[in-house]
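Written out below as structure tokens is the structure these notes cover.
The values are calculated or read from the model by the stated rules, or taken from the named source; none is laboratory data. Since we're looking at a predicted model, the values are computed, not measured. Cβ sites come from the backbone with ideal geometry, for glycine too, and all protein chains shown count toward neighbours. These area figures cover heavy atoms from the full protein model, side chains too; ligands, DNA and RNA do not enter into them. Shrake-Rupley method; radii C 1.70, N 1.55, O 1.52, S 1.80 Å.
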Amino acid sequence: MQIVSIIFGVGAMLALFSIYQQKTRKGIILSKLSADVCWVIHYLCIGGIAGAIPNFVGIFRELVFVNRKKHKLADHILWPILFILINFGLAIGTFHSAFNILPIAASALVTVLLWIDNPLFTKILSIPVCASFMIYDIYVGSYIGIVNEAVSILSILIFLIKYFLKRRNEKMTNIFSADFKTKKELKTSAGAPIADVAKRISADVDGVLIKKGDTFAQEITDLIISNFEKPGDKMAHVSTFIVIDDTIYMTYYANTKEPSEDPKNQTARLVWAPVDDIDNKTYIDLQTTGDTVGDKTIDMVYDTILMRKDENTLYVMWTARTEENYYRFYCPFDVRRKSFGEIGVNRFKVGDIVNDLSASGIRSALAENDVPIKRTYSDIGIMQKQSYRMENGVNYCYSGLYSGDFTCIIKSRDLITWEYVSQPDFINDSKWENATYVLGDKVYYFVRQQDTNKCGFLTAYHLLTDTWDKPVEIEDCQSRGDFILYRGALYLFHAPIDREHIGIVKINLEDLSKSEVILQAKMHTSCFYPFIQYYNDNELAMSYTVARKHIRLARFTLSKYIG
């Protein structure tokens, strides 16, 4: 009997070893059936009745399960319940030790795993199954069983290591996806100056607002916190910052080779420094022209922004071009560990279509959904200001998306996939960056226009009625604006005359035509693309570009100017 037990034990072990190399559920079940037959004989030969019972029941279980796809009767949910009950019923009659419960309980788990059509899940949870049988084998003295379970666990671990390494490599090399192949033509819409406006807010303001502006410009100069460009940078532009736990985080893109805004020589960068040790900066370059992402080589790098995902996670997000197509990339950053995750590609959703957030992906998704689009060209961008609205239990972040003359509202639940919301429904002259801010059921919207136009325009989109307010034109030098919600009121920062001026407009939330300028400042330096955010004292700070040479951060107190 000893020799017979060894022979069938070895046969069972070989059959079980093959289970964890199977790639289909049917292959797993057939291997398990062969193993069960061998184990029944093995355990009966050594007197291990509790070990024989689950394997005996398993023979009939596998015969039923392997026919699930062929016979409807075999696919009934009562089968796994029946086999589990039979297992425990037979075990009661032979119970004489607590160890006897181990193979019975393990067999119940195996029954559930074999019923579920998920080979990977089955293999993972087979580890505790094998461990339970190993303890029982030690108890009954089945040395073949002990070796089998040890080898099985090793086999599973080898498979899982190979599987997850392969998945990791695939993720690194296949972060891009193919665009949906639409058969529809892309609808286009023309751009032109706005024919009907509710009001025009002039840059010709009275002396009181100019005087306030002088005070503001001096305060910005007096309360400069630091410059954040890296020593040796030839050019730096487009900043975003956030303060978390007394640490300042700043993003921008830089040219380290020559003093021009040339995406062929640019780098996307994150910098951080303690508030109380501001000169102790850490600079991390995330992507530079010439880098490889997946199986593609980056040939241009552009707008770089920063968004906060949750308490401990930031997303650095930027535009880059590869193979003649612009993409939006993101990379998570753990603020506690000061470590980065994997670079990924943002996604763009319109209706049921989800593409990579790329120039081609935008066009494909909009075309399939019959959404007209204005002329797109050059890079694509997402605005960095985050505002939120709860929708059906999901907290959505709203932002603006732009590419050339096309500008629209987007939203996201995870900062990775961005859903198209709407675009202005009136003919306009929009171009590039569009500031957005959602409050209640409205999204407030300001965007620059063509260089020949003297105004940007302010409007609001009503989410519940899918309508847009009549626009208000605001004289602007065609630079980028930014909204900030401060003490319950919404303010727009923009460049009314040139990029050495800042205008601040208080938005009338109910009637945009009653919005008013609260100051106009001639700054002491150039002040490209101001970005406004809260500092660490519930007051505000502003990051901005000085002559595309410095990324500067300065504090100010808005309450001084709104009384």
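Quick notes on this one:
- Extension gain (nm, one decimal) between T467 and N369, 0.36 nm per residue minus Cα-Cα: 33.4 nm
- Sorting the segments 409-418, 320-329, 246-255, 533-542 by their mean number of nearby beta carbons within 10 angstrom, highest to lowest, gives 246-255, 320-329, 409-418, 533-542.
- Set the Cα radius of gyration of region 291-430 against 2.2 N^0.38 Å, with N its number of residues, and you get 1.05.
- Computed from label points 7 Å out along Cα-Cβ, the spacing between A192 and V151 is 8.1 nm.
- Its alpha carbons considered, region 389-507 gives a radius of gyration followed by a Dmax of 14.0, 44 Å.
- Computed over region 303-354, the range of Cα coordinates on each principal axis works out to 35, 26, 17 Å, biggest value leading.
- Heavy-atom accessible area for D75, with the other protein chains in place and a 1.4 Å probe, reaches approximately 70 Å².
- Theoretical FRET efficiency, 1/(1+(r/R0)^6), r = Cβ-Cβ of D451 and E258, R0 30 Å, to 0.05: 0.75
- Fully extended contour minus Cα-Cα distance, from H76 to A178, at 0.36 nm per residue: 32.8 nm
- The label point for E185 and the one for A547, both projected 7 Å from the Cα toward the Cβ, are 5.1 nm apart.
- Sites I161 and T292 - FRET efficiency at Förster radius 22 Å, r taken between beta-carbons, to 0.05: 0.30
- Cα pair count fraction exceeding 13 Å, expressed as % - region 363-435: 67
- Cβ-Cβ FRET estimate between I210 and D537, R0 fixed at 25 Å, reported to 0.05: 0.35
- For region 520-527, 3J(HN,Hα) computed residue by residue from phi via the Karplus equation (6.51, -1.76, 1.60; θ = phi - 60°) reads 9, 10, 8, 6, 7, 9, 4, 8 Hz, glycine and proline entered as x.
- Cα-centre dipole for region 231-328 with unit charges at Cβ (Lys and Arg positive, Asp and Glu negative), debye to 20: 240
- Computed lengthening from D299 to F121, 0.36 nm per intervening residue step minus Cα-Cα distance: 60.0 nm
- Spacing of the two label points (7 Å from each Cα toward its C-beta) at D279 and R308, in nm: 2.9
- Inter-centroid distance (Cα atoms) of region 410-453 relative to region 258-283, Å: 28
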